Amino acid sequence: MKFAKTLERTLAEDIPEEWVEAAIKYKALKKTINKVVDELQFLGLEQNKLKLILNDKVVDIDERDDSSTGPSNPVIAEYTLTKPSPDSHTIKPMLKITLDFSHEELSSDKINQICHEIKEKIEGLLNEDESEADEEKIIELTEDEGELKIVSSREGSLSPPMSPQSPHTSPPLLASEGEGEGEREGEVERGNISDSMGGAVGGNNGGDGIHNKLDRLVLDDDHKRREIYIMLNSDSKFFKMLEEELEALDTLRKEEESKIIEEVQNVAQAVSLMKDKKSELYKWRELFRLYLDSEVYFKYNDVDHGQRDSDQIQQHLTEFMDHVNKTGILTQFKKKQSIEAYNQFVQMNIHLLKMLQFQTINTEALRKILKKFDKQTSLHIQDVYPKLISSDHIFVSGKSLARSVCYIMQTSVLELIPQLDDYSCPICTNIAYKPIRLSCGHLFCVSCLVKMKQRERVDCPLCRRQNAVLEADSSNLDLEAMQMMKKYFPVEIKEKLKERDQERYQEFKGSDKCVVS
C-alpha cells in the first residue's frame, strides 16, 4: 500500500479532528514537489541533468595551477537551504547555477555535452544583448493560464525594493583566489551581491513568480564565469508549508502532553486514597508489579533503555491488561474507587499510545516527503533539512514524550505503592527488616549482617567496601525505611519475624543437649 493511503487510513481511525488538522499534508506537499519539477524542467534542469551538475559530484582541479579551483565542466549547480538568522524559522532555498564561458572547445564527454545544452537553454531564456551582459538583472518566471513564461528586466523595474539583509540569508559567493587588488571593472563585490539578493528573496515570499538574480563576474580574460541565483517559487512554498505543519505538530504535542500529565495526576490522587487501606494495598502492589514487568514503553534491562516503537507499546500494553484480567485482581478489589482508578490508569496509557502512534506516522510522513523531494528533483535535502530545523521543533528533536510522561508516572503514581524489591535484603532476598544501611549506602537486614560478622566477613557483599559490615552499629539503623516497611509491608514483616523466631528456636534446640554421666 502506498504511504499516502496508509497515512489517510491512519488519520481516519478514531483520531480527534484537531489532530488531523495538525498532521503533515502529504498529498498537498507532493503536488508542490511536482510544481518544483515543472519549474526546473522549464529552465532546462531535468532530473538526469541536475544529477550530473550538482556540486556533490567530484570536480576536476588543475594541479598545475593552485589558484584554479573551478570545475572542469562548463556548468555546475549548488542547492542550499539557509535561514535569515540563527533564531529564524524561515527556510530560504537557493539554486545557484555557475556558467563557465571559458570552455571554447567542449570535449565529446557526455557530461560536457549535457552541460552545454543547459548553458544554451539558460542563455536562450535570458535573451541578452552583449551590451547588457555585465548588468545585474531580475528575471521572473510566471504562470499564465497554466503555462510558465519568463519575463526579463533591468534590476529595479520589476523587482521589489531592495533592503539590507542578514549575512545568514544567502550562501556565500564562490569567488576565485585572485579576488582583491586584481578585480576587474565588471566584478561585483560579495557584500553587494548579498544585499541585492535580499531584495529578490524578501519580495518573493508571497508572489507566484520565480526571481532569478544574475551577476556576471569577469575574473580574467581566459576564465569568464556567470553565477545565476535562482529562487524557485514552488520550493519556497514547499518549505513554508512544512514549517507551518511542524509548528502545528509542536503545539499539539505540548497540549496533549499537558492533558496526559493531568490524567496521571488524577490517577495519583485516586490511588493515594486507596494505599492506606490494607485490603486494597496489596492488590494495587500486584497490579503495578505486573505493569512494571510488562515494560510497556521501555525494555529496562537494555543498556540505553531504548524506547519501543508504537506497535511494540500497543502489544505490551495489551499483554499487561490481559495479565490483570487473568489474575483476577479487579474482582478482588473491595472498593469501587479502585476499579475507577484502574480504568483511569488504562485510559491514560491508551491516550499516550495514540499520541505516540500519531507522532510516528507524522515522522514517517516527513521522512517520506523529503525522500520524494530528492527522488524527483535530485536536490538532496533529506539529510540537510532535518539538521537545519532540529533546534526549532520539539516534534523533530524534542525529548521523548513517553520518557517525559513515564518519569512523572513513576514519581507520582507507581511510587505511591512501594514494591517489595526496593526494600529487600540482597542476601536473604526477604524484606530487610530491621534495615541496616552500611557506610557505602547498601541496605541489609540486621540478622544477615550479624551472621556475616560471626563468619568474619566484614566487607560489603555488594561493593566490597572494606570493613563496612564491621563498622556498622545501631546508628546505622535506617529508621525511615523501617517505618515505610511497617506501613506498606505488614504481612512480609510478620513472616520475617516468624522466620527469625524459628531460626532462634532451632539454634537454641541445637545447643541444648542433655548429658548423662
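Figures for the structure shown
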quantity	calculated
Unsatisfied cross-links (Cα-Cα over 28 Å) in the set 119/240; 283/494; 5/83	119/240; 5/83
Where labels lie 7 Å past Cα in the beta-carbon direction, separation of residue 38 and residue 363 in nm	3.5 nm
Residues residue 491 and residue 455, FRET efficiency given R0 of 30 Å [Cβ-Cβ distance, rounded to 0.05]	0.50
At most 16 other Cβ within 10 Å, DSSP loop - trypsin sites (Lys or Arg not before Pro), the stretch 271-345	275, 277, 299, 334, 335
Alpha-carbon centroids, the stretch 493-508 and the stretch 306-359: separation in whole Å	40 Å
Whether the stretch 421-510 is rounded, prolate or oblate, judged on the alpha carbon gyration tensor where a/c under 1.5 counts as rounded	oblate
Computed label-point distance, nm, for sites residue 337 and residue 420 using a 7 Å Cα→Cβ extension	2.7 nm
Qualifying GluC sites (Glu not before Pro) in the stretch 7-38, DSSP loop, other Cβ atoms within 10 Å at most 13	13
Cα-Cα over 31 Å, subset of 277/354; 354/486; 336/498; 299/451; 51/368; 259/299	277/354; 354/486; 336/498; 299/451
Segment residue 312-residue 375, extension gain: residue separation times 0.36 nm, minus the distance between their alpha carbons	19.6 nm
Filtered trypsin sites (Lys or Arg not before Pro), the stretch 386-440: DSSP coil and at most 11 other beta carbons within 10 Å	399
Extension gain from residue 6 to residue 347, taking 0.36 nm per residue of separation minus the Cα-Cα distance	120.2 nm
FRET efficiency, 1/(1 + (r/R0)^6) with R0 56 Å, evaluated for residue 48 and residue 300 via beta carbons	0.65
Contour minus Cα-Cα distance for residue 319 and residue 439 (0.36 nm per residue)	39.0 nm
Using a Förster distance of 56 Å, the FRET efficiency for residue 255-residue 117 (Cβ separation, nearest 0.05)	0.60
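Quick note: the coordinates plus some simple rules give every number you see, no bench work behind them. A quick note: this is a predicted structure, and the numbers were derived from the prediction, not measured. Don't worry about glycine lacking a Cβ; one is built from the backbone with ideal geometry, like all the others, and counts go over all protein chains shown.
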